């Protein structure tokens, strides 16, 4: 069995637009990916609402993706692939370039921590990494009271910037905005049809990477 860890924010966790309820397991894109790949794969959902790449959130503790990464990787290793999709919440605190820099930091950290000897022996081969640029924000987000209200235009730049990070770091890459869109209801989170589309796209990428 091949193990795929999906490390993300509320769009990985499965946040329902407006209501904040959590989509059923089979509706979330990670569940769609699991179903598409079948029993030879174990797709792990490590999504957390409001998680950033490397930025502390003054309104909510524990949302810095860098601080939990070590524990997460050690908990689930050995891993065959880490799917990293973070950066939307960074736009509360920085621009798209800052989000891309944060994502690059996590890519480097995954490689470093994968060889760390901790609760089990060192695994000589670290996991493959699929860097996923998050979906864009909806233009209407600027009209709301969300802390992301200034992030729309910056979110349009994430795909290009993340692709460059992937090229420089030699990781696999997927632009989620090519497969999914934010809900018109809150301009941030995905409706079920977009979870489905993204889940299938990531399943295709996983097959390509892991065979």
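Every number in this text was worked out from the coordinates using simple rules, so none of it is lab data. Note that the structure is a prediction, hence the values are computed from the model and not measured. Positions of Cβ are backbone-derived with ideal geometry, glycine not excepted, and every protein chain shown enters the neighbour counts.
For this structure, a couple of remarks:
- Antiparallel content of DSSP bridges confined to the chain, in %, to 5: 5
- Here each label is just a point 7 Å from Cα along the line to Cβ, and for residue 112 and residue 178 those points are 3.0 nm apart.
- Gain in span if fully extended, residue 105 to residue 163, counting 0.36 nm per residue against the direct Cα distance: 19.4 nm
- Stretching residue 64 away from residue 207 to a fully extended chain increases their span by 48.5 nm, per 0.36 nm per residue minus the current alpha-carbon distance.
- Helix axis angle, 65-76 relative to the chain longest principal axis, alpha carbon, degrees: 40
- Here the ratio of the Cα radius of gyration of the chain to 2.2 N^0.38 Å is 0.95.
- Take the Cα of residue 57, step 7 Å toward its Cβ, do the same at residue 18, and the gap between the two points is 2.2 nm.
- Principal-axis tilt of helix 158-169 within the chain, Cα atoms, nearest 10 degrees: 20
- Length gained on full extension, residue 185 to residue 150, computed as 0.36 nm times the residue gap minus the Cα-Cα distance: 10.9 nm.
- Cα long-axis angle, helix 96-114 against the chain (0 to 90 degrees, to the nearest 10): 20
- Residue 40/residue 97 FRET efficiency (R0 35 Å; Cβ-Cβ; nearest 0.05): 0.35
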